[in-house]
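*Asks:* One structure, pasted below without further comment.
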Amino acid sequence: MEKIMFTLWKPSQHNTEQWRDALAGVRDSLVAAGAKNIRIMVVDEAVAAASTQRIINSAVPLQGVLSLWLDSASLWPGVKDLLTPLSTRLEAYLVVESEPYPEERQARAGRYQVAVGERTPGMCQIALLQKPDRMSFDHWHAVWRNGHGPNAYPLQSIFGYRQNTVVRALSFGAPVLHAIVEENFPPEAIGNPQGFYGALGDPEKCAQRQQAMYESARQFIDFEKIDCIQTSEYQLSA
């Protein structure tokens, strides 16, 4: 099995809700094409309050992401054919997914479980990472995964954390990315730094954790290149 992530841009004729429903509407066709564990993430009104938490460096930032698994990435053109009519732009990446720290994740995630097809509570933050020029890939990967990664749960309120190392772009001309990160945050994190850093009612703790995250992240992130976008998440299939 191989995981593929599609970055998507909404057609102008659709509002956000129509577009979300259209993407969800191809679920059965995606399953018929061999897709499993289908997930969509869309920038919509439910995460509008998180707009101040965005970090944008792309001229036109993505508006949605679709991730799925196929028996082989060679099957991706069939998925592309289904998604192309629903997006003004589409980029596809083959990735290797890691879900680290299972004990922390499972301890937090239980209260946010919903049925397949329903909106996951809170928001899913998508971070598009490029390796800084100053670092070799191996050094960058080690700092990200082994240095920064362990800070995710202690310093934030996340209940889901998927580290996706990009193997290669599948679509011609896709922007260079080295990783795509998916982080699930609870409802109180939307537009609220104290909720984001797991420090509700404690501004001092929030400021300390925010600074600690910045110090950790700046070791491997070029903040003039990163896109960090908050979305609503829907798990469409197992």
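Bear in mind that the values in this text are calculations on the coordinates, not laboratory data. Fair warning: this is a prediction, and the values are worked out from it, not measured in the lab. Please note: Cβ atoms are built from the backbone with ideal geometry, for glycine as well, and neighbour counts cover all protein chains shown.
*Asks:* Give segment 168-198 a look and list any residue that's touching a strand residue (DSSP E or B) at 6+ places or on another chain (Cβ under 8 Å), within 30 Å of SER72 (Cα to Cα) and not β-branched (Val, Ile, Thr), or say none.
*Replies:* ARG168, ALA169, LEU170, SER171, ALA174, PRO175, LEU177, HIS178, ALA179, GLU182, GLU183, ASN184 - these are the residues of segment 168-198 that are touching a strand residue (DSSP E or B) at 6+ places or on another chain (Cβ under 8 Å), within 30 Å of SER72 (Cα to Cα) and not β-branched (Val, Ile, Thr).
*Asks:* Also, quick follow-up: Are there any pairs, at least 6 apart or on different chains, whose C-beta atoms fall under 6 Å, with the first in segment 10-36 and farther than 11 Å from LEU236 by Cα and the second of a type in the set (A, V, I, L, M) and not in a helix (DSSP H, G or I), and if so, which?
*Replies:* From residues that are farther than 11 Å from LEU236 by Cα, the pairs are ARG20/VAL42; GLY34/LEU70.
*Asks:* Checking the condition among the aliphatic types (A, V, I, L, M) and over 22 Å from THR120 (Cα atoms), which residue from VAL79, VAL47, VAL42 passes?
*Replies:* Criteria check complete, one pass: VAL79.
*Asks:* While we're here: Output the qualifying pairs, or none if there are none: Cβ atoms under 8 angstrom, residues six or more apart or on different chains, first residue in segment 163-191 and more than 22 Å from ARG105 (Cα to Cα), second residue basic (Lys, Arg) and crowded, with 19+ Cβ neighbours inside 10 Å.
*Replies:* HIS178/LYS131
*Asks:* Related question: Name the single residue that is surrounded by the fewest Cβ atoms within 10 Å (Cβ to Cβ) among those in segment 1-29 being in contact with a Ser or Thr (Cβ under 8 Å, 6 or more places away or on another chain) and closer than 19 Å to GLU118 by Cα.
*Replies:* So, considering only residues that are in contact with a Ser or Thr (Cβ under 8 Å, 6 or more places away or on another chain) and closer than 19 Å to GLU118 by Cα, the one surrounded by the fewest Cβ atoms within 10 Å (Cβ to Cβ) is ARG27.
*Asks:* Just a yes or no: is a residue in segment 137-151 within 27 Å of LEU8 (Cα to Cα), out of contact with any Pro (no Cβ under 6 Å at 6 or more places or on another chain) and surrounded by fewer than 16 Cβ atoms within 10 Å (Cβ to Cβ)?
*Replies:* Within segment 137-151, one or more residues are within 27 Å of LEU8 (Cα to Cα), out of contact with any Pro (no Cβ under 6 Å at 6 or more places or on another chain) and surrounded by fewer than 16 Cβ atoms within 10 Å (Cβ to Cβ).
*Asks:* Determine which member of the set GLY122, GLY117 is buried (at least 19 other Cβ atoms within 10 Å of the Cβ), touching a helix residue (DSSP H, G or I) at 6+ places or on another chain (Cβ under 8 Å) and within 19 Å of ASP44 (Cα to Cα).
*Replies:* Just a single option satisfies the conditions, and that option is GLY122.
A quick yes/no check of all residues on (1) buried (at least 18 other Cβ atoms within 10 Å of the Cβ); (2) under 22 Å from HIS14 (Cα atoms); (3) touching a residue at least 24 places away in the same chain (Cβ under 8 Å); (4) of a type in the set (Phe, Trp, Tyr):
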{"position": "ILE55", "(1), (2), (3), (4)": "no, no, yes, no"}
{"position": "LEU75", "(1), (2), (3), (4)": "no, no, yes, no"}
{"position": "GLY78", "(1), (2), (3), (4)": "no, no, yes, no"}
{"position": "TYR93", "(1), (2), (3), (4)": "yes, no, yes, yes"}
{"position": "PRO100", "(1), (2), (3), (4)": "no, no, yes, no"}
{"position": "ARG105", "(1), (2), (3), (4)": "yes, no, yes, no"}
{"position": "TYR112", "(1), (2), (3), (4)": "no, no, yes, yes"}
{"position": "ARG134", "(1), (2), (3), (4)": "no, no, no, no"}
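*Asks:* Among the residues of segment 86-96, is any within 16 Å of GLU233 (Cα to Cα) and touching a Lys or Arg at 6+ places or on another chain (Cβ under 6 Å)?
*Replies:* no
*Asks:* Need a quick list: strands (runs of 3 or more DSSP E) entirely within segment 26-117 having at least 1 residues that are among the hydroxyl-bearing types (Ser, Thr, Tyr).
*Replies:* Once the strands (runs of 3 or more DSSP E) in segment 26-117 are filtered for at least 1 residues that are among the hydroxyl-bearing types (Ser, Thr, Tyr), what remains is 64-70, 89-98.
*Asks:* OK, next. Which number in (1) closer than 20 Å to ILE40 by Cβ; (2) among the basic types (Lys, Arg); (3) surrounded by fewer than 19 Cβ atoms within 10 Å (Cβ to Cβ) marks the one condition that ARG162 misses?
*Replies:* (3)
*Asks:* Output the number of residues of segment 83-107 satisfying the condition of being farther than 19 Å from ALA169 by Cβ and touching a helix residue (DSSP H, G or I) at 6+ places or on another chain (Cβ under 8 Å). Spell out how you get there, then give the answer.
*Replies:* Kept after step one, since they are farther than 19 Å from ALA169 by Cβ, are these residues of segment 83-107: 85-86, 98-107.
Applying the additional criterion that residues be touching a helix residue (DSSP H, G or I) at 6+ places or on another chain (Cβ under 8 Å) yields 86, 98-101, 104-105.
Number of matching residues: 7.
*Asks:* May I ask you to list the residues in segment 199-238 that are under 18 Å from GLU182 (Cα atoms), among the small types (Gly, Ala, Ser) and out of contact with any strand residue (DSSP E or B) (no Cβ under 8 Å at 6 or more places or on another chain)?
*Replies:* SER216, ALA217
*Asks:* Condition check: of a type outside the set (Gly, Ala, Ser), out of contact with any Ser or Thr (no Cβ under 8 Å at 6 or more places or on another chain) and surrounded by fewer than 19 Cβ atoms within 10 Å (Cβ to Cβ). Does LEU177 satisfy that?
*Replies:* No; evaluated as a whole, the condition is false for this residue.
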